[in-house]
Amino acid sequence: MTGQSSGDLSADRRYLWAEASRKDGDLAAAADLYRQAIEIAPDWPAAWFGLGETLAALGEPEPAKEAFGVCLGLAPGDPFGASLHLARLTGDTTDAMPAAYVTRLFDDYADRFESHLVDTLDYRGPAILLEALEQTAPAARFEAVCDLGCGTGLMARALAWRAGAIDGIDLSPNMVAHAERTGLYRRLLATDCLAGLATLSGAYDLIVAADVFVYLGDLAPVLAAARARTRDGGWMAFTVQALPEPTATDAGFALGPDLRYAHSTAYLVQAARDACWTTRLLAPAVTRRDAGRDVPGLVVVLSCDGA
């Protein structure tokens, strides 16, 4: 994410030097340069956010929390995700990521999204979901599909041969623009999952969410909304990151150091049951790698009564 401009070239210059120093590993110099930028432009949230990240990396949690707090006060919509960093530093559990943060993250990411996922992270989310559906519903054709967090359309490409009409929902307008170019979607909405499910008309045979729920902690609202939009005999399939059971929180989900949510198997089963879904498959799955290591995950397939 870029900090854009403070409106003062001198502050902007110091901010860019700070970013370069942090990238080079010189955290002390970066912190000093962020502070210099703040002295010139004290109301610039990007500089406060950069200072918070750097102080946290330096092992200075209290001043880091202060910097993130100032950033959040200056940008209450939280496009930088300062509240997530505060949660990590305080040990709090948040229910979801700020919509403005996710939108900005993926708007910035859209143009390199597919190449980075496939070539760098060895991403297999759509393939894993397709394999899980072939295992649980091998003969089904899904005439109406809703692709939550559709991104650039990777899930639609994987499902196209088994699907009729596909609708897509994504918070990022830039992602939606890329998805539209595939020609695979009937309708596309640039909004969050809950608003999209409430806006789109008709009932679905399948709702999918490939690596979308890593940006949501509490899945109860979206599982209930998806159930309300799925016809009896229909399906839902999604992937999540796995929260190790010995470290599972009371909430059943937690925000990890990678700023993604992980969920426990017990939480997923109970949340599905509460939303009137039947769990047909819940199995370990690795959808991507990070820093050369597999990221432990889960693939889940749910059905409505009658499936």
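The values are calculated or read from the model by the stated rules, or taken from the named source; none is laboratory data. Because the structure is predicted, anything quoted here is derived from the model rather than measured. Please note: Cβ atoms are built from the backbone with ideal geometry, for glycine as well, and neighbour counts cover all protein chains shown.
Which of the residues that make up region 247-283 are touching a strand residue (DSSP E or B) at 6+ places or on another chain (Cβ under 8 Å), touching a residue at least 24 places away in the same chain (Cβ under 8 Å) and charged (D, E, K, R)?
ASP258, ARG260, ARG280
Could you say whether any residue in region 26-46 is under 17 Å from LEU86 (Cβ atoms), out of contact with any His (no Cβ under 9 Å at 6 or more places or on another chain), surrounded by 14 or more Cβ atoms within 10 Å (Cβ to Cβ) and at pLDDT 95 or above?
Yes; the residues of region 26-46 include at least one that is under 17 Å from LEU86 (Cβ atoms), out of contact with any His (no Cβ under 9 Å at 6 or more places or on another chain), surrounded by 14 or more Cβ atoms within 10 Å (Cβ to Cβ) and at pLDDT 95 or above.
Here's a check for you: in region 218-251, which residue that is buried (at least 22 other Cβ atoms within 10 Å of the Cβ) and assigned to a loop (DSSP other than H, G, I, E, B) is modelled with the lowest pLDDT?
Here the residue is LEU243.
Return the residue satisfying two criteria in turn: it lies in region 136-160 and is out of contact with any helix residue (DSSP H, G or I) (no Cβ under 6 Å at 6 or more places or on another chain) and of a type in the set (Val, Ile, Thr), and of such residues it is surrounded by the fewest Cβ atoms within 10 Å (Cβ to Cβ).
Within region 136-160, the match that is surrounded by the fewest Cβ atoms within 10 Å (Cβ to Cβ) is THR136.
If you scan region 258-307, which residues turn out to be among the acidic types (Asp, Glu), in a loop (DSSP other than H, G, I, E, B) and farther than 20 Å from ALA96 by Cα?
ASP305
Looking only at region 164-175, filter to residues that are crowded, with 18+ Cβ neighbours inside 10 Å and at pLDDT 95 or above; which one of those is farthest from MET236 (Cα to Cα)?
The extreme case among them is ASP170.
Counting only residues that are among the hydrophobic types (A, V, I, L, M, F, W, C), closer than 28 Å to ALA262 by Cβ and in contact (Cβ under 8 Å) with a residue 12 or more places away in the chain, give me the helices (runs of 4 or more DSSP H) lying completely in region 1-104 with at least 1 of them.
27-40, 45-57, 61-74, 82-90
Do we find that GLY256 is under 20 Å from ARG88 (Cα atoms), more than 16 Å from the chain's Cα centre (by Cα) and not β-branched (Val, Ile, Thr) in this structure?
Answer is no for this residue.
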